[in-house]
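S.K.: Got a structure here, written out as structure tokens. Questions coming.
The values are calculated or read from the model by the stated rules, or taken from the named source; none is laboratory data. On a predicted model such as this, the values are computed, not experimentally measured, just so you know. With ideal geometry, Cβ positions are generated from the backbone for all residues, glycine too; neighbour counts draw on all protein chains shown.
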Amino acid sequence: MKIGFYPRLALRDIRKNRRMFLPYLLTCTGMVMMFYIIMALAVSDVVSALHGAGTLQSIFAMGSWVITVFSGIFLFYTNSFLIRRRKKEFGLYNILGMGKGNIARILLWETLFIGLGAVCVGLFAGISLFKLAELGLVNILHEEIAYDLTVSALAIKRSLQVFGVIFLLLFLHSVLQVRLTSAIALMRSENLGEKPPKGNWFIGLAGAGLLAAAYYLAVTIRDPIMALVVFMEAVIMVIVGTYLVMIAGSVCFCRLLQKNRRYYYKPSHFVSVSSMAYRMKRNGAGLASICILATMVLVMISSSACLYFGEEDAIEERYPRDINLTFYLEQPADCSDAHLQALREGIAAELAARGTEPENGYFCRNARFAGMLQDGVVSLTVFRYDNMTDEFESLRLFYLMPLEDYNRMMGTDETLADGEILLYANRNGYEGKEITFPDGRVYQVKKRVETFPGNGEMNMNIISGIGVVVPDFDGSVRGLDELAAFSGDRLLQLCWTWNFDTGQESDAQIALYHELAQLLPDPALKERLGYASVTLGGQAYEREDFYGLFGGLFYIGILLSIVFLLAAVLMIYYKQISEGYEDQARFEIMQKVGMTKREIRKSINAQILTVFFLPLALAAVHTAFAFPIIQKLIMAFNIFNVKLLAATTGISVVVFGVFYAVVYRLTSNAYYHIVSSAQEEG
């Protein structure tokens, strides 16, 4: 056999099947390009010089793993379309005398051509577009732009390693498919599965039950920490439920349509419903995959966009002033007005020495402790990680504040009798009329307030918080302080918060932040002013980290959404093409018995509209039910703007729907061209 026979044969097969191979090659190229870009961003010197670089690089490193896993799974899935479509061709080779080893050589050269083409073109595109991607990231983060063009050798190396392994596994999988199938079975592969499928009501109802359970979890979760615990459970339930409903439930749905004589016995419905009933058992998994990909895109882009566009709200919520100080005190006596006045004057003197005059400030005392709130009783317990759900459901962080501080901060004149309190709950509300603290004191809830002074730190904590305004702060604190924690440490954190503006520009605020970060932990200063420790937050300084986190999440959300969209488009295209070839013979027979091309087009539209938009509709339902749990998750980032999340979700659904309709239009034309042409070869 002449040298070059197998490479030429492989190239001829690729050209002959270009309708199938070209989208596959383009998708592989896109995967390589996106992997290179994300990996290069993870190791980029430009990114490492940005504020919040550690967070950004971690996000992009995680994104590279997501691309790796998804590329492997998805390329295996799409490669199965190619192998199934070409099994008849391989069977013909086998019958004409070509052994399985010879076919394996053809597959080897095809894999090499596709792999080398995808990797080379993908790396070239990735290197060419990397600077654009880098500039986009820098712009999102509001940083200064650098125009130096760089090529990441490490990203190239990782791309070659990852996709080299993927294409090797694809080749081995293809060879295994051919070797385990006889020549006769290969020839008949396109006709396998043609016996009428039976709708399995049990599997369909099980899938619907899983979806209902996942929806129930999503809409009943009230606490962000519980949302984190059950989120992955709900996701898995939705994925499994979607596949079961699409595979088994769709067959049952088609059978119900066939039993409806008025609907079924019409030219436009008869052919379409019959075709769907035969295909749903096999292609329901494809519809489910499209639905899951669409849901992933909608959830990812809407939530990350909400985080990005709401980052200023989150910053203001967490750091309400230019400089935010929280001093931790040793004893209840340190909460006295005289001690706190001396502490404030001492810090003000240090600020004055650095040319800063505090303005627009507020200060307040509070005492903090953690406890389990059950039936209005707060108790202390040893936290157990093996029972996260139950304990997280009742775990609360309590913030006690004196009434005089609350009135001064809020500009109110609330009054409280002995044993009465004002109550604020930031997430998981408490509706009881009284509450019993661990020291045995019982407080009556006189009023529930909508805001609480300095609640940014409370909201930043993923555990739900409860603010309690008490009339006798000293008595409440002393009673709780007498209790010992189970670990032997102090039960209470006694705090004094002082937040103020500086009237300075951002650079000066950041410089002051760094000076205070070096000054305040000084043991001599702590001993002189009488505080145990201090936490420092600067709005200008922290803004850069917020931009890094939220901007990075938004950017990686955009990049991953592009990858998932590429995958969804390819799956839709292959589904239309493969079904077009399967339906070609049926429509050819219909034409011979008198069915016009206009009736064929009408039947095709009825079929595609029924099936094609089913994944989009179900993805929209998934997204709608996911909205409450997503809302709770973004609360952990101090974003409470429900309207913003609703807007980003609605816009995402509309834009994706338009994109989906365009893909439908293009692929339906390809489907119609195949089924209406008896001469076209598959």
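S.K.: Being surrounded by 14 or more Cβ atoms within 10 Å (Cβ to Cβ), within 38 Å of the chain's Cα centre (by Cα), modelled with pLDDT of 85 or more and over 25 Å from residue 336 (Cβ atoms): is that true of residue 423 here?
M.R.: Details: surrounded by 14 or more Cβ atoms within 10 Å (Cβ to Cβ): yes; within 38 Å of the chain's Cα centre (by Cα): yes; modelled with pLDDT of 85 or more: yes; over 25 Å from residue 336 (Cβ atoms): yes.
It is true that residue 423 is surrounded by 14 or more Cβ atoms within 10 Å (Cβ to Cβ), within 38 Å of the chain's Cα centre (by Cα), modelled with pLDDT of 85 or more and over 25 Å from residue 336 (Cβ atoms).
S.K.: Can you name every residue in segment 342-365 that is small (Gly, Ala, Ser), surrounded by 12 or more Cβ atoms within 10 Å (Cβ to Cβ) and out of contact with any strand residue (DSSP E or B) (no Cβ under 6 Å at 6 or more places or on another chain)? Working first, answer last.
M.R.: Looking only at segment 342-365, we keep the residues that are small (Gly, Ala, Ser), and these are 342, 346, 348-349, 352-353, 355, 361.
From what is left, the residues that are surrounded by 12 or more Cβ atoms within 10 Å (Cβ to Cβ) are 342, 346, 348, 361.
Hits for segment 342-365 are 342, 346, 348.
S.K.: While we're looking at this one, here's another question. Please find, within segment 368-412, the residue that is modelled with the highest pLDDT out of those that are basic (Lys, Arg) and under 38 Å from the mean Cα position of the chain (by Cα).
M.R.: Per the criteria, the residue is 368.
S.K.: Within segment 12-25, is even one residue modelled with pLDDT under 85, assigned by TED's automatic domain parsing to the domain that holds residue 163, part of a loop (DSSP other than H, G, I, E, B) and under 28 Å from residue 106 (Cβ atoms)?
M.R.: yes
S.K.: Let me ask something else about it. What are the residues in segment 128-167 that are surrounded by 15 or more Cβ atoms within 10 Å (Cβ to Cβ) and under 19 Å from residue 71 (Cα atoms), if any?
M.R.: 155, 156, 158, 159, 162, 163, 166, 167
S.K.: Within the set of pairs 6 or more residues apart or between chains, which connect a residue that is assigned by TED's automatic domain parsing to the domain that holds residue 289 inside segment 239-268 to a residue that is at pLDDT below 70 and among the aromatic types (Phe, Trp, Tyr) with Cβ atoms less than 7 Å apart?
M.R.: 252/201; 257/263; 257/264; 258/264; 264/270
S.K.: One residue is enough: does segment 322-337 have a residue meeting the conditions part of a helix (DSSP H, G or I) and either hydrophobic (A, V, I, L, M, F, W, C) or surrounded by 21 or more Cβ atoms within 10 Å (Cβ to Cβ) (or both)?
M.R.: Yes, segment 322-337 has at least one match.
S.K.: List pairs: first residue in segment 638-662 and touching a residue at least 12 places away in the same chain (Cβ under 8 Å) and in the same structural domain as residue 561 (by TED's automatic domain parsing), second residue among the charged types (D, E, K, R) and surrounded by fewer than 17 Cβ atoms within 10 Å (Cβ to Cβ) anywhere in the structure, Cβ distance under 7 angstrom, at least six positions apart or on different chains.
M.R.: Taking only residues 6 or more apart or on different chains, the pairs are 639/313; 641/313.
S.K.: Hey, among 323, 225, which residue is touching a Phe, Trp or Tyr at 6+ places or on another chain (Cβ under 8 Å) and at pLDDT below 75?
M.R.: Just one listed residue meets the conditions, 225.
S.K.: Taking the options 436, 415, name whichever one is out of contact with any Phe, Trp or Tyr (no Cβ under 8 Å at 6 or more places or on another chain) and at pLDDT 85 or above.
M.R.: 415
S.K.: Additional query: Assigned to a helix (DSSP H, G or I) and buried (at least 20 other Cβ atoms within 10 Å of the Cβ): is that true of residue 70 in this structure?
M.R.: In short, no.
S.K.: In segment 438-451, what residues are of a type outside the set (D, E, K, R) and without any contact (Cβ under 8 Å) to a residue 60 or more places away in the chain?
M.R.: Answer for segment 438-451, where residues must be of a type outside the set (D, E, K, R) and without any contact (Cβ under 8 Å) to a residue 60 or more places away in the chain: 440, 442, 443, 444, 445, 449, 451.
S.K.: Condition first: part of a strand (DSSP E or B) and under 10 Å from residue 469 (Cβ atoms). Now tell me which residues in segment 396-412 satisfy that. Spell out how you get there, then give the answer.
M.R.: Step one: list which residues in segment 396-412 are part of a strand (DSSP E or B), which gives 396-402.
399, 400, 401, 402, listed by residue number.
S.K.: Now, a different point. Filtering segment 623-646 down to residues that are among the small types (Gly, Ala, Ser) and in a helix (DSSP H, G or I), which residue is surrounded by the most Cβ atoms within 10 Å (Cβ to Cβ)?
M.R.: Result: 626.
S.K.: For the condition at pLDDT 80 or above and over 20 Å from the mean Cα position of the chain (by Cα), what is the one hit in 235, 251, 271, 245?
M.R.: Step by step, each of 235, 251, 271, 245 is checked, and only 245 is at pLDDT 80 or above and over 20 Å from the mean Cα position of the chain (by Cα).
S.K.: How many residues does segment 633-664 hold that are among the hydrophobic types (A, V, I, L, M, F, W, C) and over 26 Å from residue 287 (Cβ atoms)? Give the steps one after another, and end with the answer.
M.R.: Here is the first cut: in segment 633-664, the ones among the hydrophobic types (A, V, I, L, M, F, W, C) are 633-637, 639-640, 642, 644-647, 651, 653-656, 658-659, 661-663.
Now restrict to residues that are over 26 Å from residue 287 (Cβ atoms): 633-637, 639-640, 642, 644-647.
Total satisfying the criteria: 12.
S.K.: So for segment 469-491 (the condition being within 36 Å of the chain's Cα centre (by Cα), outside any loop (DSSP other than H, G, I, E, B) and either acidic (Asp, Glu) or modelled with pLDDT under 90 (or both)), does at least one residue qualify?
M.R.: Applying the first criterion (within 36 Å of the chain's Cα centre (by Cα)) to segment 469-491 yields none.
Scanning segment 469-491 turns up no residue that is within 36 Å of the chain's Cα centre (by Cα), outside any loop (DSSP other than H, G, I, E, B) and either acidic (Asp, Glu) or modelled with pLDDT under 90 (or both).
S.K.: Right, here's the next one. Do we have any residue at all in segment 615-628 that's assigned by TED's automatic domain parsing to the domain that holds residue 307, closer than 30 Å to residue 457 by Cα and at pLDDT below 85?
M.R.: Looking through segment 615-628, none of the residues is assigned by TED's automatic domain parsing to the domain that holds residue 307, closer than 30 Å to residue 457 by Cα and at pLDDT below 85.
S.K.: Confirm whether residue 294 is crowded, with 20+ Cβ neighbours inside 10 Å and modelled with pLDDT of 80 or more.
M.R.: Criteria met by residue 294.
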